[in-house]
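Comments concern the structure below.
The values are calculated or read from the model by the stated rules, or taken from the named source; none is laboratory data. It should be emphasised that the depicted structure is a prediction, and the values quoted were computed from it without experimental measurement. No Cβ is skipped: glycine too gets one built from the backbone with ideal geometry, and neighbour counts run over all protein chains shown.
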Amino acid sequence: MRKSSPWRYNAGKMERSWESAGDRVLAFLKRAGKGLSVKELCQRLELSSMAVRRQLTLLEGHNLIFSEREKQKIGRPSYRYYLTEKGHEEFERDYANLVIDLLGSIRSIDGQEKINQVFEERKRGYVERCRGKVSGKTLEARVHEVTRLLSEDGYMANWERLGPNTYLIKEMNCAVAQVAKRFPETCIFEEGFLAELLLAKVTRKHHILQKDHFCSYLVEG
């Protein structure tokens, strides 16, 4: 089932406001299972060629679709439009339940200790991938960079300076909320990797799972 709107906040990108026709273009391309031409989209959408091309330009500009030229013996060049990988990702995926089921199976087979090891390994891998982006920077620069990385991962993060070497990182969205509800180790992992990347004391102050409106971490150097 498709998401309610493909123009929601996604992986740190700015929220977008689009015409519903763009939403329908993606849906028709998805259902077709193959490329569609402007003419075919006009017929399905019951819109003019100009209106359809306007939507295609917007969608292509955001890397949600791409076009391929069709070979024709005569006449103007014709193009068919397809969903990009990013375009396909605009449709619902049951990743959260898959992760929950897998973690539940691991717990049933090997116990809680194995779950702890899985999250510890995930933390280690994340820190290792990101360490080079913060290495050698001041604490404030590290806070800025880590906040940017969180936003790229869908957390809608921002930060503010509270005082000398004291900062607050806010996450306005929890990208792993469904998993965290079943496995609170997810949140423990987050606090741990923040402390390791920032090389600072990190304390959770707000928690979405505790009915707060956002998650936040106090960072003290």
Can you tell me which residue among Ala180, Ala141, Ala200, Ala157 is within 30 Å of Gly111 (Cα to Cα) and either at pLDDT below 95 or in contact with a helix residue (DSSP H, G or I) (Cβ under 9 Å, 6 or more places away or on another chain) (or both)? Ala180
Filtering the range 144-180 for residues that are more than 14 Å from the chain's Cα centre (by Cα) and among the hydrophobic types (A, V, I, L, M, F, W, C) leaves a count of 7
For Arg107, indicate whether it is under 30 Å from Ser49 (Cα atoms) and basic (Lys, Arg). no
Take the conditions among the charged types (D, E, K, R) and more than 20 Å from the chain's Cα centre (by Cα) and apply them to Asp101. Does it pass? yes
Answer residue from the range 41-58, given it is surrounded by 17 or more Cβ atoms within 10 Å (Cβ to Cβ) and within 28 Å of the chain's Cα centre (by Cα) and is farthest from Ala27 (Cα to Cα) among those: Leu58
Near pairs, Cβ below 8 angstrom, 6+ apart or cross-chain, from the range 127-155 (in contact (Cβ under 8 Å) with a residue 60 or more places away in the chain) to any residue that is hydroxyl-bearing (Ser, Thr, Tyr): Leu139/Tyr167; Val143/Tyr167; Gly154/Tyr9
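Yes/no per residue for (1) surrounded by fewer than 16 Cβ atoms within 10 Å (Cβ to Cβ); (2) farther than 25 Å from Val179 by Cβ; (3) of a type in the set (Ser, Thr, Tyr):
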| site | (1), (2), (3) |
| --- | --- |
| Ile65 | no, yes, no |
| Ile74 | yes, yes, no |
| Asp94 | yes, no, no |
| Leu103 | no, no, no |
| Gln112 | yes, no, no |
| Lys123 | no, no, no |
| Cys130 | no, no, no |
| Lys133 | yes, no, no |
